1. Measuring from centroid to centroid over Cα atoms, what is the spacing of segment A:278-314 and segment A:104-149 in Å?
2. To the nearest 10 degrees, how steeply does helix B:47-56 sit against the main Cα axis of chain B, on a 0 to 90 scale?
3. Using alpha carbons only, how many angstrom separate the centre of segment B:207-251 from the centre of segment B:1-52?
4. As a test of the formula, what do you get for the protein assembly as shown when each DSSP H run with n ≥ 4 contributes -39,500 (n - 2.57) and the sum is divided by the residue count, at 222 nm and rounded to the nearest 500 deg cm²/dmol?
5. Give me Rg over Rh for segment B:149-214, both radii from the alpha carbons and Rh done the Kirkwood way, two decimal places.
6. Among B:Thr170, B:Leu59, B:Ile101, which residue has its Cα furthest toward the positive end of the charge dipole of segment B:31-178, with +1 on Lys/Arg Cβ and -1 on Asp/Glu Cβ?
7. Work out from phi, with θ = phi - 60° and the Karplus expression 6.51 cos²θ - 1.76 cosθ + 1.60, the ³J(HN,Hα) of each residue of segment B:269-277, listed in order in whole Hz, and give x for Gly and Pro.
8. Evaluate the distance, in nm, between pseudo-label points positioned 7 Å from the Cα of A:Leu282 and of B:Gln11 along their respective Cα→Cβ axes.
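The values are calculated or read from the model by the stated rules, or taken from the named source; none is laboratory data. Note that the structure is a prediction, hence the values are computed from the model and not measured. Glycine also receives a Cβ, built like all others from the backbone with ideal geometry; neighbour counts cover every protein chain displayed. Quick note on the areas: whole protein, heavy atoms, side chains included, nothing else; ligands and nucleic acids left out. Shrake-Rupley method; radii C 1.70, N 1.55, O 1.52, S 1.80 Å.
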Amino acid sequence: MIERDPAADTSGDLRAGAAQALDASASPARLLWRRFRGHHLALGSLIVLLLLAVLSFAAPLLEAWTGLSATRVDLMAMNAAPSLTHPLGTDELGRDLLLRLLYGGRVSLTVGLVAAVISAIIGTVIGIAAGYYGGRFDAALMRFTDGVIALPLLPLLIVLAAIDFTKLGLPEGLMTSESASLYRMILLVSLVGWTTVARLVRGATLSLKAREFVTAAQALGAGNARIMWVHLLPNVASPIIVSTTLSIGNIILLESVLSFLGLGIQPPMASWGNMLTNAQELIYANPMLAVWPGLLIFVTVIAFNFLGDGLQDALDPRSGLQR
Amino acid sequence: MLSYIVQRLVQTAVVLFVMSFIIYAMIGLMPGDPIDLMVQADPDLTAEDQQRLKQLYGLDQPLTTRYWNWLTAALQGDFGYSRLFAQPVLDVLWPRLGNTIVLIGCAFLLSLAIALPAGIAAATRPRSLLDNAVNLGAFAGISVPPFWLAILLIILFAVTLEWFPASGMTDPGEGGLLDQLHHLVLPVVALTMARVGGIIRYVRAAMMEALRQDYIRTARAKGLSRRRVLVSHALRNAMIPVVTILALDMGMLVSGALITETIFGWLGMGKTVYDAVLGNDYNLALLGLLFATALTLLANLLADLAYAWLDPRITYD
């Protein structure tokens, strides 16, 4: 049984919201920041993620300053314990583990952010078009979306990851370059990652298009494209932002799984996933090799999830009442 | 209701048919083809031999013709031979499908046994210490890389404590039921931990939504016991969205099983698909993928039927 009345539970929030609304000097952005700041886990997550991003993308600088290398094989220092020169020790080939982790972070964060944005764009286009035009077009697009959602994602991705793109007529140079596995990863994840945004945007568009401001715009002679771009898109921005943030974590997980299975990011390029591939065989020799990359994936993904949760509360104050 | 079932069955069959074509085309895009493999095995083959072989196996035909040939053979029960196992692919896959269903089934039941009480308890005491703890645990559960969790389980329970075997399905020379169960523990725990966080969140959200409804207030006002309000009024309604999510989640469970099977050497379908893709075993990869898809579609179908059965407001037309 509920001991407390939910309405009483949230009256404090309501009063706070009213006080914020009365504060005339507050811009929407500042109000947003104020609400977000109150969500301590999300704020902490943002700081952790920024720190991780700065360190990861500064990895080449750190490499130059310290004289260590993330790629140089040093057979005299295999599986070394943590020391001053190697803060986290070395891996089975004597490479500095910390630097390799930072390089892995570059790859994981890049794949996560880029693929999430591409997925969001695909999902938004499909969702707005389906919701706005409605009818058979909507039904066809949504059945297609349902179909994609229902598929066993990982087995399919494994086959997709093995596909030989030159058979599709893509230039061989593009697919054999060093970053090919990175591009391929982003492409694959974007292909399957758009479904959540598509459904959210469609739902929001369906209810928005019946509103007066859309009718007014139509009466004033605005074209379909203009209505979707100028009138509908800004109104569905909040759910898109929240769901994209939440999807970054899932994408990083997916990337790490595929890389772990040897089908994602290819060595010598380091990613948190492929660093764990060998770790399983080295459990006895150097168990820490299996701990660090996984821990970083875990921390990054949970930080993105907290961040998305906090953004949701900040962007949609009503959702806070329902928690 | 009957016409609804028939309609959904036909729909599922159509989706499976479309998927079989897409999967067939995708497998065709995997590197190399069977003739390349023969050339590797026998360097004496000339270019004319290769051409002749291509013709013999119909590989020079357009995609649609090849698919049609495959489909007519498949409908008669002939899915071709597995390169890796030198057996008809059906003979390879049937027992493995069973192994996967055992793994998934156990993990599914264990997840429910954890998620239902945890989600309900959290939903009835929002923002309490218990709710926060459950929430944090669920967040951790959806954020942890499943394969890493499996490796940690191996380090802890197989390497350090030596309670359970690290991989395989039976010990050599053993193979009794107890031995098999002993090997099943770690994979099931790994798969459960990877999925249970998400399910807890769904249960909690659905339960909170149900508890906000007017009929709950009515039930309480009537003086019904706490247990009755929770179970027959709130839970029954909360189960409707949960069942749908659970079935949609079946696709994720099949995906998760692939990771678990690969790491623990569990001879299931996921591991077979993975091995087949890496080993260029086209026939096996094709059928394995089809089985995985069919399993997921079947779960979705069952969910829709359960949905219709649980919620009398839905009309079937």
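1. That distance is 26 Å.
2. Its long axis makes an angle of about 60 degrees.
3. 46
4. Values: 28 runs with 450 residues, N = 640.
That calculation yields -23500 deg cm²/dmol at 222 nm.
5. Working: Rg = 17.8 Å, Rh = 14.1 Å.
Reported Rg/Rh (Cα atoms, Kirkwood Rh): 1.26.
6. Comparing the listed Cα positions along the dipole, B:Ile101 ranks first.
7. 5, x, 4, 5, 4, 4, 4, 5, 5
8. For the pair A:Leu282/B:Gln11, the computed spacing is 5.0 nm.
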